[in-house]
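Asks: My questions all concern the structure below.
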Amino acid sequence: MIKRQLADEEAHCRIYERWLGADAYRGTRYDEALAAYVGSLNSVTLEVFVIQSLLEGFSLGALEYRARAVKSATSEGEHALWDDEMRHVQFSYGYLRTLIREEGAIAPETFERVAAEVKGIFVESFAPARIAEFVKANYDVRAEDLTEHTVRESEGRTRLAWLTLARVARCKLEFTRRYHAATLSVG
């Protein structure tokens, strides 16, 4: 299952690159900050929570935004991508009892702290100034046409932020709800 998920993620990267109409981008490097953060966690449960709930939730929010913003974004391939991401979010649910038995129960406030720290990584990585610099560096956009202010005030950015935050919140809630239920069944 893990090998399948990794293969899915590699395929997703190629799909996203095609959507952007270019080769791979260097991007805002949120992945480096997130990888360092996940590597600093001392719990497989928390690592799974970050990757499968928060990161995959972020991807689902971005896909929701794309489906609403790009009218042609309803192909069979995009539905398959959505299904992959949903499967990835739900992957760990079957292992929660095992994780609890192996690591002990994690307090709800720990999940909240980790979620807040991950949100901070995303907020910093996708700050308006960083987005403006990325777009100017990778697309034919004049510096005076795209500023931190124009990105901050962009209706599209606002919609994307709300959709991704809402999806991440739903994925976080479902993970923690299932986790709490699993703690009750592990005596």
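Asks: Leaving ligands, DNA and RNA out of it, report the carbon-plus-sulfur percent of the accessible area of region 40-152 at a 1.4 Å probe. Mind showing how you got there, number by number?
Replies: On the way: 3370 of 6210 Å².
The computed percentage sits at 54.
Asks: Given the alpha-carbon gyration tensor of the chain, what are the semi-axes of its equivalent ellipsoid in whole angstrom, ordered largest first, with each equal to the square root of 5 times an eigenvalue?
Replies: Details: eigenvalues 201, 71, 44 Å².
Computed over the chain, the values are 32, 19, 15 Å.
Asks: What's the magnitude of the charge dipole for the chain around its Cα centre, counting Lys and Arg as +1 and Asp and Glu as -1 at the beta-carbon? Answer in Debye, nearest 20.
Replies: On the way: 25 positive and 29 negative charges, 89 e Å.
Approximately 420 debye in magnitude.
Asks: About its Cα centre, what dipole magnitude does region 83-187 give when the only charges are +1 on Lys and Arg Cβ and -1 on Asp and Glu Cβ, stated in debye to the nearest 20? Don't skip to the answer; put the middle values down first.
Replies: Values: 16 positive and 17 negative charges, 94 e Å.
Rounded to the nearest 20 debye, it is 440 debye.
Asks: Could you order the peptides 164-171, 91-98 from most to least packed, using the average number of other C-beta atoms within 10 Å per residue? Could you put the intermediate results ahead of the total?
Replies: On the way: 164-171: 18.9, 91-98: 16.2.
Descending mean neighbour count gives 164-171, 91-98.
Asks: Let me ask something additional. So what does the Cα-only Debye profile of region 144-187 read at q = 0.19, 0.26, 0.32 Å⁻¹, as log10 I(q)/I(0), no solvent term?
Replies: -0.67, -0.85, -0.99
Asks: Now, a different point. Summarise the long-distance tail of P(r) for region 47-124 by giving the % of C-alpha pairs beyond 18 Å.
Replies: On the way: 1568 of 3003 pairs.
Of all Cα-Cα distances in region 47-124, 52 percent exceed 18 Å.
Asks: Assign unit charges at the C-beta atoms only (+1 for Lys and Arg, -1 for Asp and Glu), then state the dipole size of region 78-119 relative to its Cα centre in Debye, rounded to the nearest 20. Mind showing how you got there, number by number?
Replies: Working: 5 positive and 9 negative charges, 44 e Å.
It comes to approximately 220 debye.
Asks: Between 162, 111, 150, whose Cα lies farthest towards the positive end of the dipole of region 87-187 when Lys and Arg beta carbons carry +1 and Asp and Glu beta carbons carry -1, centred on the Cα centre?
Replies: 111
Asks: May I pose another question? Cut-off 10 angstrom, C-alpha nodes, Gaussian network model of the chain. Which of 146, 81, 54 fluctuates the most?
Replies: Maximum fluctuation in the GNM of the chain, among the listed residues, is at 146.
Asks: Going toward the positive end of the dipole of the chain, with +1 on Lys and Arg Cβ and -1 on Asp and Glu Cβ, which of 175, 42, 61 do you reach last?
Replies: The listed residue farthest towards the positive side: 175.
Asks: Once you've got the GNM for the chain with C-alpha springs shorter than 10 Å, pick whichever of 116, 107, 127 has the biggest mean-square fluctuation.
Replies: The residue that fluctuates most here is 107.
The values are calculated or read from the model by the stated rules, or taken from the named source; none is laboratory data. Predicted model only: the values in this text are computed from it and were never measured. Cβ atoms come from the backbone with ideal geometry, glycine included; neighbour counts cover every protein chain shown. Just the protein is used for accessible areas: all its heavy atoms, side chains included, with ligands, DNA and RNA removed. Shrake-Rupley method; radii C 1.70, N 1.55, O 1.52, S 1.80 Å.
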